[in-house]
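The structure appears below as structure tokens.
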């Protein structure tokens with residue numbers, strides 16, 4: 001198993017996958033890591049729906065594609081450089097929906113206050129992403145499908161108090177993933193106050 005900081009430095013979005021299956025025991029390890037995240041008041045309001053059914057994955061993929069084509073692409077065109085835009089576009093228009101496993105991370109408002117759901121669910125998602133990297137799988141975090149959250153909830157038969165918050169495709173990367181590009185810490189950290197330098 002790779003060392004923690006090695007995993008952190010390698011974790012990056014993967015949006016295209018091979019057809020190779022991911023066994024349930026591996027998915028369970030990822031979910032176990034996710035459920036060890038911190039949460040507000042330790043309420044653990046996360047719920048994960050693991051989607052393997054091909055037709056359901058295709059329906060989720062269509063929601064992502066529609067969100068991309070109905071405004072996501074136009075928004076991203078102004079913000080992303082060409083290579084990243086193309087990669088995100090490939091994921092949004094088919095790559096994510098073709099992953100052998102799609103995990104939908106949800107927040108259960110009956111378990112915690114609605115306002116605390118993001119601060120509880122997204123740390124769990126980050127743990128899941130890191131765990132996928134640690135075992136050699138690709139994954140990504142997308143919220144595009146949540147633009148159509150009512151339809152996504154319907155696809156998954158979610159009760160009213162469970163809100164879909166993120167879609168995480170998981171699988172074997174279709175191509176090798178390089179290290180993520182990150183700005184240096186000294187450009188993002190300040191000592192004591194803004195502008196204090198690091």
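One table, with the values for the structure above:
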read-out: GNM flexibility winner over the chain from 176, 184, 118 (Cα, springs under 10 Å); value: 184
read-out: Within a Gaussian network of the chain (alpha carbon springs, distance under 10 Å), most fluctuating of 82, 112, 19; value: 82
read-out: Cβ-derived FRET efficiency at R0 41 Å, residue 160 paired with residue 3, nearest 0.05; value: 0.40
read-out: Distance in nm between pseudo-label sites at residue 76 and residue 18 (7 Å out along the Cβ direction from Cα); value: 2.5
read-out: C-alpha center-to-center spacing [the range 145-191, the range 17-78] in angstrom; value: 7
read-out: Virtual paramagnetic centre 7 Å along Cα→Cβ of residue 179, amide N under 16 Å, in the range 5-46; value: 5-13
read-out: Calculated [θ] (222 nm, deg cm²/dmol) that DSSP helices of n ≥ 4 give over the chain, each run adding -39,500 (n - 2.57); value: -10500 deg cm²/dmol
read-out: Segment residue 188-residue 56, length gained on full extension (0.36 nm per residue, minus Cα span); value: 43.5 nm
read-out: The chain shape via C-alpha gyration tensor axes, a/c threshold 1.5; value: rounded
read-out: Overall form of the range 87-155 per C-alpha gyration tensor (a/c, 1.5; a/b vs b/c); value: oblate
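Read-outs: derived from the displayed coordinates by stated rules, not from any lab. Bear in mind that the values here come from a model prediction, so they are computed numbers and not experimental data. For neighbour counting, all protein chains shown are included, and Cβ atoms are generated from backbone atoms with ideal geometry for every residue, glycine included.
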